[in-house]
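A short worksheet on the structure shown next.
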Amino acid sequence: MTSETPVLASEVPHKPDIPFLQKWRSIGTGLGVEVGPQNLEFTLTVVRPNGIRIVDAFTVLRYRERPAAEWGSDLQAFLKKNAITHISAAVVLPMQDCISRSLALPGVPNGQVASAISYQLDGLHPFAEEEATHSFSLLSPPRNTSFALAIARNAVIEDYATLFDEAGIAVAAFLSPAAVIYSALRTLQLAPADQFIAIHEDTNGLIVYGETSTHPIYCVRFPDASDRSIASASAQIRLPDDAPVARLSALLPPAERLEISSTLSYAASLASALPSQSLGINLLPVDRRKTSSPWRWVPTFVLLILLMGLGLGFAYYQDYENQRLLTRLDAEISRLQPRLASIRALDTQILETEQKLKFLNTFATHPQQDLDSLRELTRIMPMTSYVSRMDLTRTDIGISGEIDQSMELLKMLDSSPFFKDSEFTSSPSRNQTGKELFQIRAKREFPSGAPVVPTPQNIPPVPRIAPPPPLQPGLRP
């Protein structure tokens with residue numbers, strides 16, 4: 001069945017409010033432009049967390065037939081009347097001048113998305129590779145593995161860019177109808193439904209916009225506004241039977257003051273007001289984009305002031321904390337000063353006592369070491385030898401006497417762990433009995449394995465007896 005007014009299949013269910021942070025960062029002013037076959041529709045919109053207000057609207061009639069500078073001056077007067085001359089426009093290109101597509105790229109790393117889209121681009125449009133430009137953007141959850149894609153001929157983009165330049169209008173973005181509708185449906189609200197169709201009628205026919213699990217973003221124009229067109233689009237995107245079908249004007253966020261004369265221009269103004277919350281599709285070349293709003297510097301200045309405040313706060317806070325710490329340390333030092341004096345006195349006494357003990361320990365080992373040296377010398381000397389004189393000091397030993405072979409005695413002394421560097425102090429000579437008379441001097445050594453004489457450290461401490469309790473005043477012992 002074909003009719004002039006398409007039948008709406010169902011109502012759109014109520015959606016909950018958007019997150020708090022998203023709502024309170026929705027602040028901006030936007031100028032949207034819809035490029036029609038004969039006219040340009042301008043809509044000036046202010047977006048605030050508590051709602052949207054359409055400030056004013058302006059229509060340029062037969063813009064192709066009039067000099068661009070002429071209707072550009074009219075638009076500047078329109079903006080000056082509303083005290084907004086710095087704003088840059090977001091332009092919605094006609095459906096016949098741009099192609100909207102969606103691509104699912106699950107598992108593709110972010111750094112390879114552009115290459116993956118370029119690889120498939122030739123099959124998504126009928127133009128030659130060097131004749132077309134494209135732009136893409138990631139869709140929001142739950143379809144954040146799919147990308148929205150807009151494609152247009154370079155000649156068309158250049159034509160519109162030159163037209164607005166001649167009119168003196170600053171343009172920030174060239175958008176596709178699918179991109180502006182997708183972004184506008186999520187301004188100060190959530191998406192109408194997980195799967196739905198929105199229709200928009202104009203003088204050129206019927207625009208059908210839809211979102212389903214198989215087509216995350218879909219936008220196409222039909223020459224006639226009929227139920228058959230809606231049914232064809234629903235079948236193409238596999239829309240469930242219970243999914244809502246509604247007019248686009250009913251799904252867009254409500255606005256105050258003025259009636260919406262151009263739905264796409266209003267949607268573009270929302271994307272212009274909140275570019276950070278809109279799809280990042282922009283077909284206008286980067287070198288031709290113009291953003292002159294002074295408000296774009298506000299976040300930078302606010303952040304700079306906050307950083308300066310934090311820096312000063314940290315600097316003074318550190319000095320304050322250091323002063324508090326120094327005050328507490330001074331008080332603690334003053335409190336512990338008497339204890340420190342007594343500890344230093346005890347350290348001095350301990351050092352003196354340690355030196356005395358060390359001297360006594362050293363002195364106590366002398367007799368044992370001397371006895372060990374004598375025992376070793378007795379073991380070394382042959383039974384046939386005779387010692388007539390011996391001088392024993394802490395560092396060396398000197399002996400003289402008679403022996404059969406004095407050279408053997410030198411070797412035995414050097415091989416002993418108690419002596420070293422033995423030598424003759426005079427040349428050996430023989431007596432009448434045939435034995436050699438010798439005088440030898442050697443240095444003493446104290447091997448680590450020698451027995452240790454008990455010292456005060458080795459002796460167990462004597463248990464201390466507790467002193468008697470103090471006498472009571474006035475009592476005698």
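Some values worked out for this structure:
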{"read-out": "Candidate set: segment 125-152, residues that are over 33 Å from the mean Cα position of the chain (by Cα) and surrounded by 15 or more Cβ atoms within 10 Å (Cβ to Cβ); chosen: the one nearest to Leu103 (Cα to Cα)", "value": "Ala150"}
{"read-out": "Output for segment 411-455, where each listed residue is modelled with pLDDT under 85, under 21 Å from Leu374 (Cα atoms) and not small (Gly, Ala, Ser)", "value": "Phe446, Pro447, Pro451, Val452, Val453, Pro454"}
{"read-out": "Members of segment 365-424 that are surrounded by 14 or more Cβ atoms within 10 Å (Cβ to Cβ) and of a type in the set (Lys, Arg)", "value": "Lys420"}
{"read-out": "Index of the failed condition, Asp227 passing every other in (1) over 18 Å from Leu103 (Cα atoms); (2) touching a Ser or Thr at 6+ places or on another chain (Cβ under 7 Å); (3) buried (at least 21 other Cβ atoms within 10 Å of the Cβ)", "value": "(3)"}
{"read-out": "Count - residues of segment 244-259 that are surrounded by 18 or more Cβ atoms within 10 Å (Cβ to Cβ) and in contact with a helix residue (DSSP H, G or I) (Cβ under 8 Å, 6 or more places away or on another chain)", "value": "4"}
{"read-out": "Hits in segment 94-115 - residues which are closer than 25 Å to Arg143 by Cα and touching a helix residue (DSSP H, G or I) at 6+ places or on another chain (Cβ under 9 Å)", "value": "Met95, Cys98, Ile99, Ser100, Arg101, Ser102, Leu103, Leu105, Val108"}
{"read-out": "Residues located in segment 213-261, provided they are touching a Lys or Arg at 6+ places or on another chain (Cβ under 6 Å) and in a loop (DSSP other than H, G, I, E, B)", "value": "Thr214, Pro216, Arg257"}
{"read-out": "Pro240, sole failed condition from (1) more than 18 Å from Ala191 (Cα to Cα); (2) at pLDDT 90 or above", "value": "(1)"}
{"read-out": "Residue identified as among the small types (Gly, Ala, Ser) and surrounded by fewer than 23 Cβ atoms within 10 Å (Cβ to Cβ) among Ala271, Ala235", "value": "Ala235"}
{"read-out": "Entirely in segment 13-98, the strands (runs of 3 or more DSSP E) that have 1 or more residues that are under 23 Å from Arg153 (Cβ atoms) and in contact with a Ser or Thr (Cβ under 8 Å, 6 or more places away or on another chain)", "value": "28-35, 40-48, 89-92"}
{"read-out": "Counted residues, segment 164-205 - those being closer than 19 Å to Arg143 by Cα, assigned to a loop (DSSP other than H, G, I, E, B) and under 35 Å from the mean Cα position of the chain (by Cα)", "value": "7"}
{"read-out": "Condition check for Ala331: surrounded by 10 or more Cβ atoms within 10 Å (Cβ to Cβ) and in contact with a strand residue (DSSP E or B) (Cβ under 6 Å, 6 or more places away or on another chain)", "value": "no"}
{"read-out": "Options Leu357, Leu340; residue that is touching a Pro at 6+ places or on another chain (Cβ under 8 Å) and more than 13 Å from Glu445 (Cα to Cα)", "value": "Leu357"}
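The values are calculated or read from the model by the stated rules, or taken from the named source; none is laboratory data. Predicted model, so just to flag it, every value in this text is computed and none were measured. Ideal geometry is used to build each Cβ from the backbone, glycine not excepted, and the neighbour counts take in all protein chains shown.
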